[in-house]
Amino acid sequence: MPMLAELIDAVIGVDTHRDTHHAELALPTGAPVGTCSISNDSAGYAQLLAWVADHAPGPRLVICIEGTRSYGAGLARAATAAGLTVIECEQPTRTTRRGKGKSDPIDAHLAVLSALQLHADRLPTPRADGDREALRILLCAREELTTTATGQTNRLRALLRDGEDTDRRLARARLSDAVLAGLARRRQPREASRQQAVRHGEIRRLALALREAARALKVNRAQLAAIVNDLAPGLTDRPGIGPVSAAQAIVSFSHPGRCRNDAAFAKLAGASPIEASSGRTVRHRLNRGGDRALNKAIHIIATTRMRSDLKTQAYTLRRRAEGKTGREIRRCLKRYIARQLYRSLTIAMIPTAQT
């Protein structure tokens, strides 16, 4: 398989920051042609594209940008619109930096070198925008809502445990919408002390906040379901796949071609088997790297299927009879789910990618 350096006329490496970007234009050999610094705005992007057009030795160009979903998002969109091939650049590791120092020009040159070392069929292209970006925003909002609601629930239970017997029973029970509504409507005793008044007010505030969070999460789930059904119809009809897990799978998958095959997608998800044999023991374990949010979504799908899907339960019994442990069975299931998701998303999203 050819290297990227064999197929291009030049590469642009960009080190991105909040206010400015530093770029280096280099030949396929890695020899710098020139450098420039631009502002992180539309005028700066136009300046960089014009500078590249003036100095590039040929039309076959690739731009390697650090932080394509962060400070480099605007430049990545502008470069894509201009017809340049955009690839993601990971931040240099300590090993890569060793003996080279740290500066914007050095980081831009390291971006050039990282691009030239890539295989042409394994380019790390940025995630897509549009509906997929909308899903990512909704997932981030959902994570924030869930984290906040968990902390508020813990504080509310702690306050209830310090109260009367009725409150202590509520602290042990499920805080349903009816229970929260009752706490929000509760009246403060007339002869309440300052401590009791403050405690009552905080219980009411937390109850109202949790009711609002529940409504927000319900709306969030409905929005996720609508976008998922547009992008990948029928995906949530598969066992164990809900709107949230499906949305995370779509965000990580992004678009056909980002992962070259189902094995690469499984590695991205941290669901690829890794040899863990020693002596007479021959076994594999899961990869602990990859996209942990995607790994969590696949883990939830596997756990749900083991609990409620008859085919998965039969498979679990068969593998357990073969001597597999519960962890090893989940590893096999997660690899199968990653393959299933990859194939389903590839088929569902090819028409979208071509429009």
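The values are calculated or read from the model by the stated rules, or taken from the named source; none is laboratory data. For clarity, every value in this text was computed on a predicted model and none was experimentally measured. We place every Cβ from the backbone using ideal geometry, glycine too, and count neighbours over all the protein chains shown.
Tallying residues that are β-branched (V, I, T) and surrounded by fewer than 14 Cβ atoms within 10 Å (Cβ to Cβ) within segment 149-164 yields 1.
Would you say G30 is loosely packed, with under 13 Cβ neighbours inside 10 Å and either in contact with an Asp or Glu (Cβ under 6 Å, 6 or more places away or on another chain) or in the same structural domain as D19 (by TED's automatic domain parsing) (or both)? Don't jump to the end; show me each part of the working.
Working: loosely packed, with under 13 Cβ neighbours inside 10 Å: no; either in contact with an Asp or Glu (Cβ under 6 Å, 6 or more places away or on another chain) or in the same structural domain as D19 (by TED's automatic domain parsing) (or both): yes.
Judged against the criteria, G30 is not a match.
For segment 301-329, a residue qualifies if it is crowded, with 16+ Cβ neighbours inside 10 Å, within 19 Å of P273 (Cα to Cα) and either within 27 Å of the chain's Cα centre (by Cα) or of a type outside the set (K, R) (or both), and the qualifying residues are I301, A302, Y315, T316, E328, I329. Within segment 53-82, the set of residues being in a helix (DSSP H, G or I), under 24 Å from the mean Cα position of the chain (by Cα) and charged (D, E, K, R) comprises R77 only.
Restricting attention to segment 40-52, does a residue exist that is under 28 Å from the mean Cα position of the chain (by Cα), on the phi < 0 side of the Ramachandran plot and part of a strand (DSSP E or B)? Within segment 40-52, none of the residues are under 28 Å from the mean Cα position of the chain (by Cα), on the phi < 0 side of the Ramachandran plot and part of a strand (DSSP E or B). Taking segment 215-234 as the search range and keeping residues that are outside any loop (DSSP other than H, G, I, E, B) and among the small types (G, A, S), which one is farthest from L135 (Cα to Cα)? For segment 215-234, the residue satisfying everything is A216.
If I ask for residues that are out of contact with any helix residue (DSSP H, G or I) (no Cβ under 7 Å at 6 or more places or on another chain), of a type in the set (A, V, I, L, M, F, W, C) and within 14 Å of D9 (Cβ to Cβ), which ones from segment 28-60 would you list? Within segment 28-60, A31, V52, A53, A56 meet the criteria.
So that you can scan it fast, the table gives a plain yes or no per residue for (1) without any contact (Cβ under 8 Å) to a residue 40 or more places away in the chain; (2) of a type in the set (D, E); (3) surrounded by fewer than 17 Cβ atoms within 10 Å (Cβ to Cβ):
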position: Y45; (1), (2), (3): yes, no, no
position: A50; (1), (2), (3): yes, no, yes
position: L61; (1), (2), (3): no, no, no
position: G74; (1), (2), (3): yes, no, yes
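The set of residues in segment 159-193 that are of a type in the set (G, A, S) and in contact with an Asp or Glu (Cβ under 6 Å, 6 or more places away or on another chain) is empty.
Those residues that are under 20 Å from I87 (Cα atoms) and in contact with a helix residue (DSSP H, G or I) (Cβ under 9 Å, 6 or more places away or on another chain), I need them from segment 251-266; list them, please. Result: V251, S252, F253, S254, H255, P256, G257, R258, C259, N261, A264, F265. If you go through segment 232-263 and keep only what is within 16 Å of the chain's Cα centre (by Cα) and modelled with pLDDT under 90, you end up with S254, H255, R258, C259. Considering (1) among the charged types (D, E, K, R); (2) in contact with a Ser or Thr (Cβ under 7 Å, 6 or more places away or on another chain); (3) part of a strand (DSSP E or B), the lone condition that R285 does not fulfil carries the number (2).
Within segment 14-21, one or more residues are among the hydroxyl-bearing types (S, T, Y) and over 17 Å from V112 (Cβ atoms). In segment 178-214, the qualifying residues are those that are more than 30 Å from R142 (Cβ to Cβ) and assigned to a helix (DSSP H, G or I), and the one that is farthest from the chain's Cα centre (by Cα) is R194. If you take the residues of segment 265-303 that are free of Cβ contacts under 8 Å to residues at least 60 places away in the same chain and small (G, A, S), which of them is nearest to P124 (Cα to Cα)? In this case the residue turns out to be G290. Of all the listed residues (A216, A232), the sole one being in contact (Cβ under 8 Å) with a residue 12 or more places away in the chain and within 28 Å of A178 (Cα to Cα) is A216.
Just wondering, is there one or more residues in segment 162-182 that are charged (D, E, K, R) and either at pLDDT 95 or above or touching a His at 6+ places or on another chain (Cβ under 8 Å) (or both)?
Looking through segment 162-182, none of the residues is charged (D, E, K, R) and either at pLDDT 95 or above or touching a His at 6+ places or on another chain (Cβ under 8 Å) (or both).
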